[in-house]
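The values are calculated or read from the model by the stated rules, or taken from the named source; none is laboratory data. Everything quoted here is computed from the prediction, not taken from an experiment. Positions of Cβ are backbone-derived with ideal geometry, glycine not excepted, and every protein chain shown enters the neighbour counts.
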Amino acid sequence: MKVSYLGGRKENFAEWKEVYSEQGGEYEMTIRYVPKADRKLEVCVNHEKAILLDSLSADETQKIASVTVPVYLKAGNNKVRMGSSFCWAPDIDCFILKKVKE
């Protein structure tokens, strides 16, 4: 299952409101997506400044591509939002969080 038809305007996004972290801290977020030409993705965690991913793979021969970005999660529930204010975003397969060792 994937999230499709995101972006094109700021109101068109996917949001996960209960992304739980026991202790909070630095994480690596790996986003798996379906490559397509001219797609950009904005990732926002807890209303912080969005991370713009504008160099995503456009190799449509790949079924799934991935990109990893650093994010900070607070202890407890976090809100993750993905979309694109100015163009279509890629279809999102999933995202995986991995705690950065301290």
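Can you find even one residue in the range 19-27 that is hydrophobic (A, V, I, L, M, F, W, C), within 26 Å of LYS101 (Cβ to Cβ) and outside any loop (DSSP other than H, G, I, E, B)?
Yes - at least one qualifying residue is present in the range 19-27.
Any idea how many residues of the range 1-22 are under 29 Å from ALA75 (Cβ atoms), over 13 Å from the mean Cα position of the chain (by Cα) and among the acidic types (Asp, Glu)?
Within the range 1-22, residues that are under 29 Å from ALA75 (Cβ atoms), over 13 Å from the mean Cα position of the chain (by Cα) and among the acidic types (Asp, Glu) number 2.
If we scan the range 52-60, do we find a residue that is among the aliphatic types (A, V, I, L, M), surrounded by fewer than 16 Cβ atoms within 10 Å (Cβ to Cβ) and modelled with pLDDT of 95 or more? Talk me through it step by step, then tell me what you get.
The first filter runs over the range 52-60 and keeps only residues among the aliphatic types (A, V, I, L, M), leaving 52-53, 56, 58.
Filter once more, keeping what is surrounded by fewer than 16 Cβ atoms within 10 Å (Cβ to Cβ): 52, 58.
Then drop every residue that is not modelled with pLDDT of 95 or more, which leaves 52.
Yes, there is a match, as at least one residue in the range 52-60 is among the aliphatic types (A, V, I, L, M), surrounded by fewer than 16 Cβ atoms within 10 Å (Cβ to Cβ) and modelled with pLDDT of 95 or more.
Please pick out the residue among LYS17, LYS63, LYS99 that is at negative phi, without any contact (Cβ under 8 Å) to a residue 60 or more places away in the chain and of a type in the set (D, E, K, R).
Working: LYS17 fails: without any contact (Cβ under 8 Å) to a residue 60 or more places away in the chain; LYS99 fails: without any contact (Cβ under 8 Å) to a residue 60 or more places away in the chain.
Just one listed residue meets the conditions, LYS63.
Report yes if some residue within the range 29-36 is in contact (Cβ under 8 Å) with a residue 24 or more places away in the chain, surrounded by 17 or more Cβ atoms within 10 Å (Cβ to Cβ), hydroxyl-bearing (Ser, Thr, Tyr) and part of a strand (DSSP E or B); otherwise report no.
Yes.
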